[in-house]
1. Give all pairs with beta carbons closer than 7 Å in which a residue from region 99-120 that is at pLDDT below 95 meets a residue that is surrounded by 20 or more Cβ atoms within 10 Å (Cβ to Cβ); count only pairs at least 6 apart in sequence or on separate chains.
2. Checking the structure you have, find out if any residue of region 225-232 is surrounded by fewer than 23 Cβ atoms within 10 Å (Cβ to Cβ), within 30 Å of Asp93 (Cβ to Cβ) and among the hydroxyl-bearing types (Ser, Thr, Tyr).
3. Output the number of residues of region 52-71 satisfying the condition of being over 17 Å from the mean Cα position of the chain (by Cα) and either hydrophobic (A, V, I, L, M, F, W, C) or surrounded by fewer than 21 Cβ atoms within 10 Å (Cβ to Cβ) (or both).
4. Only one residue in Ser81, Ser92, Ser100, Ser63 is touching a Lys or Arg at 6+ places or on another chain (Cβ under 6 Å) and among the small types (Gly, Ala, Ser). Which one?
5. Mind listing whichever residues of region 240-283 are without any contact (Cβ under 8 Å) to a residue 40 or more places away in the chain and in a helix (DSSP H, G or I)?
6. Within region 78-127, can you find the residues that are part of a loop (DSSP other than H, G, I, E, B), over 17 Å from the mean Cα position of the chain (by Cα) and farther than 15 Å from Pro146 by Cβ?
7. Tell me whether region 145-160 contains one or more residues that are polar (S, T, N, Q) and part of a helix (DSSP H, G or I).
Amino acid sequence: MTSHPTPASVPPPTPAPASAPPTGARAYRLRTSRGEFAVVDVPPADGAQPKGVVLALPGFTGSKEDFTLLHGPLAAHGYRSIAVDGRGQYESDGPADDESAYAQAELAQDVLAQAEALGAAAPLHLVGHSLGGQIARAAVLEDHSPFRSLTLISSGPARISVSQEQRVKLLREALDRMSMAQCWEAILAMGPPEEVGGPARGLGGQEHLRRRWLATRPAQLLATGRQLCTEPDRVAELAAVPLPFHVLSGAHDDTWPVPDLDAMAVRLNAHRTVVAGAEHSPNVDRPAPTAHALAAFWDRLHDDGDDTPHHGRHGPGRAV
């Protein structure tokens with residue numbers, strides 16, 4: 001089950017083009033016991049055997065659109081995928097100024113409420129990208145029972161790297177002094193947004209990034225930015241949870257160094273995927289191999305026909 005990256009040269013990722021969700025996609029507000037959340041929900045493709053349901057959480061300054069290019073391949077593999085805007089992210093409501101609403105424990109409870117609202121009879125696989133991975137981890141530590149597995153995409157064991165921490169702190173200082181619109185203009189004046197602490201590169205180009213930025217609540221960015229800079233190492237706690245784990249990343253990552261992600265996977269006895277040619281957002285940089293790696297991991301769980309997780313049976317491996 002283990003394969004290894006080839007030494008072949010792969011060009012660096014280029015900005016992803018705008019892309020609409022695949023046929024059958026529904027955009028709606030998921031009603032939960034903790035409010036409504038904007039989602040994009042894509043069913044399995046016609047003719048594909050339904051295998052499970054995926055709940056995907058975006059990262060810092062991100063949105064549900066960061067998973068757009070994964071929906072089609074996952075549908076072809078038989079997986080229904082639901083990408084969600086978290087509280088105060090893009091099209092999900094949240095207070096503009098109350099940072100307490102975005103405490104990690106609150107966001108984790110939101111995820112559990114989303115899982116409950118989906119009420120999936122099929123296995124529910126939780127996926128979190130970057131900040132979304134740390135929120136997913138907190139949800140699983142609170143209650144793992146709704147989930148069949150946890151996949152962390154480019155999401156590390158503790159606080160972000162020093163260089164990224166400085167960028168987040170600069171952003172937080174700017175938000176303390178300026179409106180979201182003023183911050184956006186200041187970010188553009190300093191350089192590419194993803195390189196100066198602004199929104200990560202994503203689908204739809206700069207205009208989509210601007211709309212997403214202006215719709216995101218300042219308190220959400222302030223609170224979650226602080227979390228990224230102070231998150232403790234909770235890997236030992238997570239390793240005690242009886243779920244199969246998957247750690248997936250690009251071959252290069254400035255937010256959490258890839259060797260740290262490798263070490264975390266070992267500590268979790270997790271399956272490990274490194275996507276060649278991808279950086280911090282393999283779901284955007286190289287969606288096809290990313291989706292294939294996700295589906296292959298879940299397929300193995302499905303084929304086992306055993307609902308009791310056995311970490312060692314899905315242990316460390318590397319795939320491209």
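1. Hits for this filter: Ala120/Val53.
2. Taking every residue of region 225-232 in turn, at least one turns out to be surrounded by fewer than 23 Cβ atoms within 10 Å (Cβ to Cβ), within 30 Å of Asp93 (Cβ to Cβ) and among the hydroxyl-bearing types (Ser, Thr, Tyr).
3. The total comes to 0.
4. After ruling out the rest, the residue left standing is Ser63.
5. Val258, Pro259, Asp262
6. Gly78, Asp93, Gly94, Pro95, Ala96, Asp97, Asp98, Ala103, listed by residue number.
7. No, there is no match, as no residue in region 145-160 is polar (S, T, N, Q) and part of a helix (DSSP H, G or I).
Conditions (1) modelled with pLDDT under 90; (2) under 23 Å from Leu248 (Cα atoms), marked per residue:
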| site | (1), (2) |
| --- | --- |
| Leu150 | no, yes |
| Gly156 | no, yes |
| Ser161 | no, yes |
| Asp176 | yes, no |
| Gln182 | no, no |
| Met190 | yes, no |
| Glu195 | yes, yes |
| Gly198 | yes, no |
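The values are calculated or read from the model by the stated rules, or taken from the named source; none is laboratory data. Keep in mind it's a predicted model, so treat the numbers as computed, not measured. We place every Cβ from the backbone using ideal geometry, glycine too, and count neighbours over all the protein chains shown.
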